[in-house]
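The values are calculated or read from the model by the stated rules, or taken from the named source; none is laboratory data. Keep in mind that this is a model prediction, so the values were computed, not measured. Cβ atoms come from the backbone with ideal geometry, glycine included; neighbour counts cover every protein chain shown. Note: areas computed on protein heavy atoms with side chains; ligands, DNA, RNA excluded. Shrake-Rupley method; radii C 1.70, N 1.55, O 1.52, S 1.80 Å.
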Amino acid sequence: MMRPILLLLACKACSSFTSVSRVTVNRPLQETIPANNSFNNKQSSTSTTHSHSALKATVDQEESVSFDKELSQRLESNNLQQVISYLQSHASSTKSLTSNQLKSIFEAIEVATVQSDENTVNKRSIEDATISSAVEFRALDKVRAEMSQLYQLLREEGKLRVFGAIGRLPPSSLRLPPPSGPIYPTTGSKIITPKLLETVTSMEMMSLTPQPTNFLLYGGAILASLEAVVSLMYGINFNFLVVTTLLLALADQILVSGAVFETALRIVRPEMTTRITKHEAGHFLCAYLLGCPVEGVVLSTWAALQDGRFAGRAGSAVSAGTSYYDIDLSEQIAGLKPLTRDSIDRYSIIVMGGIAAEAMEYGRADGGAGDEEALVRFLRSLNPRSTNAVSAWTPELIRNQARWGATQAVLLMKEYKPCYDALVDALERGGDLGQCIVAIEEAAEKNGLGWLRHSSGTIFEEGEFGKWVPYSDGDAITELNGSIAEPSAPITSVGTNGVPTLGEDPITEAEEFLKMYKENLTQKLETIDKKLNELDNQTSISDQK
């Protein structure tokens, strides 16, 4: 009678089950043991699995709640370094950050950068051509260095799949072999003639050239006519009305940077708000894809007045702008590192991004005169860094760089069009930085977009205007196999908090390019002169006959 009990205890000890059927003592022992073992083992396995699953779910939930609570506490402090340290120490939880948690992180970035004492960073203004300084970079900015590090951390953990998708090393989470050079939408020659630009972008050159509008002239004429009518109807001195109008306009500009006039202008031209939004979305997306952390965007002068990052004080606020930070270029401008052509190219693409976006959406760019002026002043401010350097960026060389930047921006936004559309939608709905970035990333994931693995094509210096060869799957123009059509450069992991860059050639490489470009232009001009002389000679011979 004791044997079944002993066996039951043994089964408990071996199987660790908690519920069993009673053993019938009247049956032979050899019949009851196998039956009970089989049944008990099945129940034991099922119970154990459910128990472990429930325990694991409980533990995961508790860890998630704890992680979310501690992360929220650090985000509330707006101390980005604390956030970085916490995420680094909880790598597994960082990989599973939710959209709401990402939004909270970028909200903390916005608050921290607004409160930063260093708020003269890379600003892009739509129609603000009065740039007080050719270069507006701060290299030694602790908050923005931490922001760059936080962006990079999220990128490496796979949470930002298209941040730094252009011209940067692939994130380690992709486990891809690094290319031997930066991958941009076009590879090969950087000499872009107007004809070649039209071929590559399928857009007319004039559409990418900001066109001045006569709206202010017409508006002034209409206002003067109304004042004349008022003067005649009510007997008010016409000169008094004109002077009063001018004084009010001056006060508006001095006190609130023209915000009142801008509001009136938007009422008269409702489409202006949408155009500005799409313009700024171009700057935003280009900076983001090129691995330059975006810290904020404003779409009106009233918003800029309340934001220290956009010179939030009367008389100097921009009408709209996107604030981003390129830590590499900032340190190079400050003289901490050699200035590289790669940094100049990134700046050029971002600056021309707004013009490219307008041209793509509307067929022509109205805004962007201030952007072009910013690029001109920036390039002219670059002093030669070697004894063999060209003396300066000539107007033609600057125009070529602008065309190159516009070409890259157009192709970039065509490639990531779903991300651009999602960004515009988020901005139109009044989205903050976190909502905009989550919109970009969700669109990228939905459409299978990520790190750019090959260029759209290659530019060759052939013929009078250059030659464009589009990329196709069967070609090996720019494939991720370590063989890139770009000039090869050693892979370098830059010792900054920014996105790791490929080997960047120093500015002397850019100077060699400019010298070569100047020689090519000289040869082309000589060829044209020769042909003109031949035509003149033929004409002279014909006249003599």
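Tally Lys and Arg at +1 and Asp and Glu at -1 over the other residues with C-beta under 13 Å from the C-beta of residue 74: what net charge comes out? Provide the component values of the computation, followed by the final result.
On the way: positive: 69; negative: 68, 70, 76, 107, 146.
Net local charge, residue 74 excluded: -4.
For residue 204, what is the net charge nearby, where nearby means another residue's Cβ is under 12 Å from its Cβ and Lys, Arg count +1, Asp, Glu -1? Before the final figure, lay out each step's value.
Working: positive: 195, 364; negative: 198.
Its environment carries a net charge of +1.
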For the residue pair residue 255 and residue 221, what label-to-label distance in nm results when each label sits 7 Å from Cα along the Cα-to-beta-carbon direction?
3.1 nm
Listed residues 451, 302 arranged by accessible area, highest first, probe 1.4 Å:
302, 451
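Would you kindly state how much longer the chain becomes between residue 526 and residue 392 on full extension, computed as 0.36 nm times their sequence separation minus their alpha carbon distance, in nm to one decimal?
Contour length minus the Cα-Cα distance gives 46.0 nm.
Ignoring ligands, DNA and RNA, what accessible area per residue does region 230-282 give at 1.4 Å, in Å²? Mind dumping the intermediate values first?
Working: 3280 Å² over 53 residues.
Per residue, region 230-282 has 62 Å² of solvent-accessible surface.
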Simple SL model, points at 7 angstrom along Cα→Cβ for residue 73 and residue 469; separation in nm is 6.1 nm
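Using packing as a proxy for protection, rank 403-416, 87-100 so that the peptide with the highest average count of other Cβ atoms within 10 Å comes first.
Numbers: 403-416: 24.8, 87-100: 14.1.
Output ranking for 403-416, 87-100: 403-416, 87-100.
Just to verify a number: FRET efficiency for residue 237 and residue 274, C-beta to C-beta distance, R0 = 56 Å, to 0.05? Write down the numbers at each step before the final one.
Details: r = 41 Å, r/R0 = 0.72.
For residue 237 and residue 274, the calculated efficiency is 0.85.
Roughly how big is region 240-358's charge dipole about its Cα centre, with Cβ charges of +1 (Lys, Arg) and -1 (Asp, Glu), in debye to the nearest 20?
Details: 9 positive and 12 negative charges, 40 e Å.
For region 240-358, the charge dipole is close to 200 debye.
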Give me the log10 of I(q) over I(0) for region 170-297 at q = 0.12 Å⁻¹, as the Debye formula computes it from C-alpha points; what are the numbers?
-0.79
